[in-house]
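Coordinate-derived values only; no laboratory data. Predicted, not measured: the structure shown is a model, and the values here were computed from it. Virtual Cβ from ideal backbone geometry, glycine too; neighbours counted across all protein chains shown.
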Amino acid sequence: MKVLNFGSLNLDYVYAVDHMVTPGETLSSGGMQTFCGGKGLNQSIALAKAGAEVFHAGLVGDGGDILLDVCRNAGVNSDYISRVEGPCGHTIIQVDRNGQNCILLYGGANRKVTEEYVNQVLANFHSGDILLLQNEINLLDYIIKRAYEKKLTIILNPSPYNEALKSCDFNKVSMFLLNEVEGAQVTGQPEPEEILEELRRLYPDAKIILTLGSAGAVYQDAKVQYRQSIFPVKAVDTTAAGDTFTGYFIASILEGMSVPDGLRMAARASSVAVSRAGAAASIPLRREVDEYNI
Ligand code: RIB
């Protein structure tokens, strides 16, 4: 069984701010750093650092060498990553003194996926392989359709939520990993219990992991529900905390760990990521997660 993550690769321009800039305000930042990120790249790196074999597919533009290097250095197979003309996907991220962020996303190369490229990549994957997706690339609906035809197991992190997701057939998805904001956007329900109930009603065969920020995470399938608390740490930068959780949880499934043990490992990994700056750079190695004293 192989794991393909078809997703974004971004350059993150991260600005340290006292507070998030407000409309009409000009705010000086305390510093700027460039990090490698993108929900796709972060999740592939989390999978690889957790010890899983992962193939990443996606597009980089001008200046994308560093994104390829980061993937390779982390042990992500980058054979299916392609180059296109024009700018890379990038973000402008404000991180405030509490470690909270807000992100402005420019799709760039990530939005240049073609049906031909999708077909070329999927030709290398077969029934039973896992396909992980987020929502920072175009043609998500097509990728889901083709992957389902090929009997791949589809795991979706519907993040960030936008109108494009409405054209995707969620009935083809085996597992959703989403936070409470995305859960509310997908279901129209405001509270976690209602979100879970509605997701179960809509997609009764899917497994659901709903992350709840400081309230932890909930796993739900047709038979059981498990809850996992966070491991509290001083937040430096919450960027990629959810991606770290996602990558580590999927790695736990691949290893055959029980769901409660997988949730616990993912929560620990996510806490470590929150205590560090940057996106991909903040994702811990498996050894660090196992040894982290929290
Ligand atoms: O989830 C964090 C990621 O979201 C960042 O790395 C940024 O690139 C945005 O895509």
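Every Cα-Cα pair in segment 130-237 was counted, and those over 23 Å apart are 28% of them.
Helical runs (DSSP H, four residues minimum) scored at -39500 (n - 2.57) apiece and divided by the length of the chain put the mean residue ellipticity at 222 nm at -9500 deg cm²/dmol. Computed from the C-beta positions of Ser127 and Glu288, the FRET efficiency with R₀ = 25 Å rounds to 0.10. Placing a label point 7 Å from the Cα of Lys151 along the Cα-to-Cβ line, the residues of segment 118-132 whose backbone N sits under 16 Å from it are 123-131. The label point for Val236 and the one for Asp62, both projected 7 Å from the Cα toward the Cβ, are 3.3 nm apart. Using C-alpha pairs under 8 Å with a sequence gap of at least 6, the mean separation divided by the residue count of the chain gives a relative contact order of 18 percent.
Ranking Gly30, Tyr248, His126 by Cα position along the charge dipole of the chain, where only Lys, Arg, Asp and Glu carry charges on their C-beta atoms, puts His126 farthest toward the positive end. Computed over the alpha carbons of segment 203-282, Rg followed by Dmax gives 12.6, 38 Å. Our coupling estimate for segment 123-139, obtained by passing each phi through the Karplus curve with A = 6.51, B = -1.76, C = 1.60 and θ = phi - 60°, is 4, 8, 10, 9, 3, x, 5, 9, 10, 9, 9, 10, 10, 10, 10, 7, 6 Hz, Gly and Pro reported as x. In the chain, the DSSP beta bridges split such that about 40 percent are antiparallel, to the nearest 5. As a ratio to 2.2 N^0.38 Å, the alpha-carbon radius of gyration for segment 77-162 is 1.27. Amide hydrogen proximity for Asn135: with H placed 1.01 Å from N in the peptide plane, the residues at 5 or more positions away or on another chain lying under 5 Å are Ser159.
Multiplying the residue separation of Val181 and Gln120 by 0.36 nm and subtracting their alpha-carbon distance yields 18.6 nm. With neighbour counts taken as other beta-carbon atoms within 10 Å, the residues Arg287, Arg200 rank, fewest first, as Arg287, Arg200. Here Lys207 is the anchor, and the lysines within straight C-alpha reach of less than 18 Å, apart from those fewer than 8 places off in the same chain, are Lys151, Lys172, Lys223.
Of the residues Ser44, Ser28, the one with the fewest other Cβ atoms within 10 Å heads the list, and the complete ranking is Ser28, Ser44. About the centre of its Cα atoms, the chain shows a dipole size close to 520 debye [charges on the beta carbon of Lys, Arg (+1) and Asp, Glu (-1) only; nearest 20 debye]. Using DSSP, restrict attention to beta bridges with both residues in segment 131-258 and report what percent are antiparallel, rounded to the nearest 5. The answer is about 45 percent antiparallel. The separation of segment 186-241 from segment 16-46, counted between C-alpha centres, amounts to 25 Å.
With a Förster radius of 41 Å applied to the beta-carbon distance between Val21 and Glu194, the computed FRET efficiency rounds to 0.80.
Bridging of Lys150 to aspartates and glutamates at a Cα separation below 16 Å is possible for Glu115, Glu116, Asp129, Asp141, Asp169, once same-chain residues fewer than 8 apart are set aside.
With only alpha-carbon pairs counted, each pair once and no self-pairs, how large is the Kirkwood hydrodynamic radius of segment 24-178 in angstroms? One over the average 1/r among Cα pairs gives 16.7 Å for segment 24-178. In terms of Cα atoms, the Rg and Dmax of the chain work out to 17.9, 53 Å. Remark: segment 229-237, residue by residue, has Karplus-estimated 3J(HN,Hα) of 7, 7, 9, x, 9, 6, 6, 9, 6 Hz, where x stands for each Gly or Pro and the curve is 6.51 cos²θ - 1.76 cosθ + 1.60 at θ = phi - 60°.
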